[in-house]
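One structure is given below, encoded as structure tokens.
Values in this text are rule-based calculations from the coordinates and carry no lab data. Everything numeric here is computed off the predicted structure, so don't read it as measured data. When we count neighbours, we look across all protein chains shown, and the Cβ atoms used for this are built from the backbone with ideal geometry, even at glycine.
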Amino acid sequence: MDHFLYRDGVLHAEDVPVPGIAAEVGTPFYCYSTATLERHYSLFVEALGGLNCLICYAVKANSNLAVLRTLARLGSGADVVSEGEFRRALAAGIPGERIIFSGVGKTRRELQFALENNVRQINVESEPELHLLNEVALAMGVVAPMSMRVNPDVDAKTHEKISTGKAENKFGIAYEDAPRLYRVAADMAGIDVLGIDMHIGSQLTDLAPYEQAYVLMRDLVERLEADGIPIPRLDLGGGLGVPYTRDNQPPPLPFDYGAMVRRVFAGMEDREFEIEPGRLIAANSGILVASTVYVKENAGRRFLILDAAMNDLIRPALYDAWHDIEPVIEAEASAPKTTFDVVGPICESGDTFAKQRPMPNISQNDLVFFRSAGAYGAVMASEYNTRPPAPEVIVSGDRFAIARPRLTYDDILAKDVIPDWLGEAGPSED
Ligand code: LLP
């Protein structure tokens, strides 16, 4: 459920009419709903109620400080994958004690930054990283709280570009290798072995691969503990999918996920659990609003050319992802449908949001919006074609605020530096 509903035929974000935001901010823009963010967070709290579980929101899904602060106020922790994300989480008020640091390529500087900021845990993903972490911790005179990300070689049955738990993926430590490495870690003076972590992919629509991975996690914890290495923390990763369209069977709910977790880990309730959901919290908490620049007919196809482009929302171009696209002014239920190719103005055919999409008729200057754009939308934006990325707005009840303004062209041009040796414009006289 989200809070983007039509009222008297006009799309509202909570209690704010979307055309009013468009008039003030211009298009395209992202719009986030506080109430939806809060609701999705609370679904996980309820689903895992009774377990000692910290929800560590995956910052990569949407790292706007207003979004992070909204979640921080609910007590959320954070899962971060770079020093930049770590700094965002801290700036939003999430203390280091609630921040997990994941990722395959953490640098010495990043490890040191995490330790300086009392990181809750570092999820180590390779043997060389384990050695570097030990070295950095010893040099700083601290002991690093460590969890090991183990790759269970399970097929998450999701898009190949967002699958992470197969042996062929770059993530984690091979399952067979984990016992040896835990032993190495347990003997290191700079490492405190705390946990185990698995994250097998994103947009999972089936609980079976999770269950397969968690059973393997459970078995490994039992083996390690039998070998005298206690594992008090279980990090279950993120990845629960969201409904990108109402036409398909909806993915399992957090409630179903929670029930499966309880079943698999029955008898291990004395542990600390952690989960790292990103998409489920943010995706349906956000929309991308755009205007129609032209409606163009070409060789029998009808193109809806928007002022949003793949630089604003790259998911359709990158993963062939589906986003529902609807008019901001509701069409009559009986209105006839037209088939559109919905595209942006960028100079490549990949800048296509939807092909042959049946939609109610839409005219030049009409507002449309993309649903489920709150996760992996704004965070993946770029300035390709020197387009200022869509600004971000957050709504709470009947208020809205700009959470990231639109860059001006001067802002963009000011980032580049022309070296002195190129001199003034015009042909060189050398
Ligand atoms: N934990 C780790 C270690 C991750 O790598 C990820 C996502 C998450 C948690 C959160 O997963 P979520 O709950 O959001 O599925 N850009 C792609 C998604 C990439 C996901 C990367 N890792 C997309 O737009 O679909």
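Could you derive backbone 3J(HN,Hα) for segment 360-365 from the dihedral phi with the Karplus parameters 6.51, -1.76 and 1.60 (θ = phi - 60°), listing whole Hz in sequence and x where the residue is Gly or Pro? These are the phi-based 3J(HN,Hα) values: x, 4, 10, 10, 3, 6 Hz. Per-residue 3J(HN,Hα) values for segment 333-340, derived from phi via the Karplus relation 6.51 cos²θ - 1.76 cosθ + 1.60 with θ = phi - 60°, read 4, 8, 4, x, 9, 10, 9, 10 Hz in sequence order (x marks Gly and Pro). Between the residues His12, Ala22, Ser147, the greatest Cα displacement towards the positive end of the dipole of the chain, with unit charges on the Cβ of Lys, Arg, Asp and Glu, is found for His12. In this simple spin-label approximation, Ala189 and Asn298 carry label points 7 Å from Cα along the Cα→Cβ vector, and these lie 6.8 nm apart.
Taking every alpha-carbon pair under 8 Å whose residues sit at least 6 apart, segment 165-221 reaches a relative contact order of 33 percent.
Go ahead and set up a Gaussian network model of the chain, Cα springs under 10 Å, then flag whichever of Gly374, Gly286, Gly190 fluctuates most. Evaluated over the chain, the most mobile residue of the options is Gly190. If you fit an axis through the alpha-carbon atoms of helix 208-226 and take the longest principal axis of the Cα set of the chain, what angle between them do you get, 0 to 90°, nearest 10? Around 20 degrees separate the two axes. The spacing between segment 99-115 and segment 346-408, judged by their C-alpha centroids, is 32 Å. Modelled this way, with points 7 Å down the Cα-to-C-beta line, the labels at Ile412 and Ala335 are 3.1 nm from one another. A cut-off of 5 Å between modelled amide H atoms, ignoring neighbours fewer than 5 places along the same chain, links Arg302 with Asp341.
Taking the longest Cα principal axis of the chain as reference, the axis of helix 34-47 is set at about 30 degrees. Straight-line cross-link reach from Lys60 at under 16 Å between alpha-carbon atoms covers these aspartates and glutamates, not counting any fewer than eight positions away in the same chain: Asp79, Glu83, Glu85, Glu276, Asp312, Glu392. Of all lysines in the structure, those lying under 28 Å Cα to Cα from Lys337, and not within fewer than 8 positions of it along the same chain, are Lys296, Lys355. Working from Cα positions, state the angle (0 to 90°, nearest 10) between the long axis of helix 254-264 and the longest principal axis of the chain. Once rounded, the angle reads 20 degrees. For the chain, the residue among Leu133, Thr292, Leu313 whose Cα projects farthest onto the positive side of the dipole built from Cβ charges is Thr292.
Kirkwood radius and radius of gyration were both taken over the C-alpha atoms of segment 103-275, and their ratio Rg/Rh is 0.99. Size of the chain from its Cα atoms: along the principal axes, largest to smallest, the extents are 69, 69, 42 Å. Placing +1 on the Cβ of every Lys and Arg and -1 on the Cβ of every Asp and Glu, with no other charges, gives segment 42-95 a dipole of roughly 180 debye about its Cα centre.
Counting DSSP beta bridges in the chain, what percent are antiparallel, to the nearest 5?
Looking only at bridges with both residues in the chain, the antiparallel portion is about 50 percent.
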